[in-house]
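In what follows, a single structure is set out as structure tokens and then discussed.
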Amino acid sequence: MAKLRNILIICLCSVSAAVCTLSAEGGPMPFRGAWIATVANIDWPTEEAVGNDSLQQAEMVFLLDSLESLGINAIIFQVRPTADALYKSEYEPVSHWLTGTQGGALEWDPLEWTINEAHKRKMEVHVWLNPYRVNLAKTDTSMICADHVWRKHREWFWEYNKQWYFDPGLDVTRDWICTIVQDIVMRYDIQAIHMDDYFYPYPQGGKPIPDAKTFAKYPRGFTDIAAWRRNNINLAIQDIHRTIQECNKNVQFGISPFGVWRNASVDSTGSATTAGITNYDDLYADIRLWIQKGWIDYVLPQLYWEIGKKAADYEILTHWWANEIKRANELNPSNNVKLYIGMAPYKLEGASSKTPWGVGNEISRQMHLNRTIPEITGECFYSTRPLLRNPRGVCDTIKEFYTEEEFLLPWE
């Protein structure tokens with residue numbers, strides 16, 4: 001297979017005007033984002049709109065208009081949830097979350113259309129890709145279409161907990177992911193490529209990851225399989241960053257990791273948390289290294305816990321991530337990695353009065369805290385439809401915050 005990313009790239013000769021909102025003083029406004037999740041039809045399109053182009057467009061207009069009314073200036077739009085495409089792609093099939101059946105032709109391009117609609121509203125578009133996942137545990141592989149790369153190159157994949165994944169230990173899988181990234185960056189007027197917390201799969205009941213054969217065949221000098229796995233992801237992040245930069249230096253690369261890098265109990269430089277899962281030890285994602293090396297442009301940790309939570313305190317973690325950003329950017333000012341915070345308004349829905357999410361407005365408390373930490377220059381809400389249902393008046397809170405800040409520099 002030709003390695004598309006190794007072809008001589010003709011850089012874009014013209015770049016469209018930036019769409020990010022400016023403050024009255026001329027500086028950039030804080031990042032005010034919302035995730036639009038498409039996997040399992042979480043946010044868009046609804047199940048009722050699957051296969052109905054006009055209804056899908058109407059639903060997206062509703063989402064964008066509603067987000068704009070709150071002061072949101074960026075969407076993180078999931079277009080590759082399971083090695084598929086919610087856009088026109090010559091490499092991967094149309095997502096069944098969009099049409100009902102994986103594969104086939106599209107009468108329209110949802111990504112291009114959404115970009116145009118978002119930019120009309122002066123909203124950035126960050127394209128959200130899942131790098132390794134091929135299916136969900138509850139979706140049978142019979143739904144995978146005949147021309148999917150999984151059917152053509154089964155040797156590139158392994159199965160874990162009823163899900164299939166690209167094998168991160170293979171060079172060819174990094175090449176494939178970079179091919180997808182290059183195709184999107186070269187063809188669409190986007191502001192960022194975005195990935196979340198799904199690198200190696202979350203551990204399930206002590207089940208071993210089935211990559212021992214790959215490790216034995218391609219150890220690359222490593223004798224510890226955990227260190228080798230982390231290096232696999234490090235290589236992928238470097239390659240993706242390089243690919244983006246070669247295509248269009250104005251496109252950012254952002255990661256939204258699980259909220260805890262490491263617990264201090266196993267690493268004194270980790271956070272004062274007791275999380276059962278961590279990026280470094282369980283997902284093999286060394287986010288801190290990526291920040292220090294400048295391989296990403298922003299980090300958006302998913303801090304989906306309340307202030308004061310014993311195992312993972314929102315306040316402790318915001319300060320930990322802020323200190324990491326401050327230290328890394330001081331050591332290498334040319335990196336200038338940004339810190340945004342991922343927040344969970346969905347937890348306000350139906351929250352018990354016995355929990356912090358059911359007393360007052362936890363999101364308001366967290367937004368106030370964010371503004372006391374200068375390294376935090378934005379936030380993002382997961383996800384759009386739960387947010388727009390306005391649980392505990394959270395939409396009113398957000399709109400009030402953003403209206404007051406409209407003519408101020410970030411957090412001043």
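Please treat every number below as a calculation from the coordinates, not as lab data. Fair warning: this is a prediction, and the values are worked out from it, not measured in the lab. Methodologically, a virtual Cβ is constructed for each residue, glycine included, from the backbone with ideal geometry; neighbour enumeration extends over all protein chains shown.
Scanning the chain for long hydrophobic helices, with DSSP H runs required to stretch 27 angstrom or more by C-alpha along their axis and to average at least -1.0 on the Kyte-Doolittle scale, returns 225-247. Counting beta carbons within 10 Å around each of Thr101, Thr377 and listing the fewest first gives the order Thr101, Thr377.
Eigenvalues of the alpha-carbon gyration tensor of the chain, scaled by 5 and square-rooted, set the equivalent ellipsoid semi-axes at 31, 27, 22 angstrom, largest first. Around the Cα centre of region 202-280, unit charges on the Cβ atoms of Lys, Arg, Asp and Glu (plus for the first two, minus for the last two) sum to a dipole of about 180 debye.
Simple point charges give the picture: +1 on the Cβ of Lys and Arg, -1 on the Cβ of Asp and Glu, and for region 38-405 a dipole about the Cα centre of about 940 debye. Out of Pro93, Tyr346, Cys145, whose Cα points farthest toward the positive end of the dipole of region 38-405 (charges: +1 Lys, Arg; -1 Asp, Glu; placed on Cβ)? Of the candidates, Tyr346 comes out farthest on the positive side. Pairs from the list Lys309/Lys338; Lys152/Lys213; Lys162/Lys309; Lys88/Lys152; Lys249/Lys293; Lys122/Lys293 with a Cα-Cα gap above 27 Å: Lys162/Lys309; Lys122/Lys293.
Computed about the Cα centre, the dipole magnitude for region 73-229 is approximately 380 debye when only Lys and Arg (+1) and Asp and Glu (-1) carry charge, each at its Cβ.
Extension gain, His153 to Asp171: 0.36 nm times the residue separation minus the Cα-Cα distance gives 5.1 nm.
Calculated mean residue ellipticity at 222 nm for the chain: -10000 deg cm²/dmol, from DSSP H runs with n ≥ 4 weighted as -39500 (n - 2.57), summed, divided by the residue count and rounded to 500. Maximal additional length on extending the Lys122-Lys213 stretch stands at 27.9 nm, based on 0.36 nm per residue less the C-alpha distance. Between Tyr132, Gln182, Trp113, the Cα set farthest toward the positive side of the dipole of region 104-207 (charges on each charged residue's Cβ, about the Cα centre) is that of Tyr132.
Projecting the Cα positions of Gly169, Ser66, Phe77 onto the charge dipole of region 38-405 (unit charges on Cβ atoms of Lys, Arg, Asp and Glu, taken about the Cα centre) puts Gly169 furthest along the positive direction.
Here the convex hull built on the C-alpha positions of region 273-364 has a volume of 106 cubic angstrom per residue. Near Thr278, the amide H atoms lying under 5 Å from its own belong to Leu283; only residues 5 or more places off or on other chains count, and H is placed 1.01 Å from N. Stretched out straight at 0.36 nm per residue, the stretch from Gln204 to Asn161 would grow longer than its current Cα-Cα span by 14.8 nm. A simple spin-label model places the labels of Ala264 and Leu331 2.0 nm from each other, with each point 7 Å out along Cα-to-Cβ. Between Lys310 and Gln245, the simple label model (points 7 Å from Cα in the Cβ direction) yields a spacing of 4.5 nm.
Applying both filters, DSSP loop and at most 14 other Cβ atoms within 10 Å, to the GluC sites (Glu not before Pro) of region 66-112 gives Glu90, Glu107.
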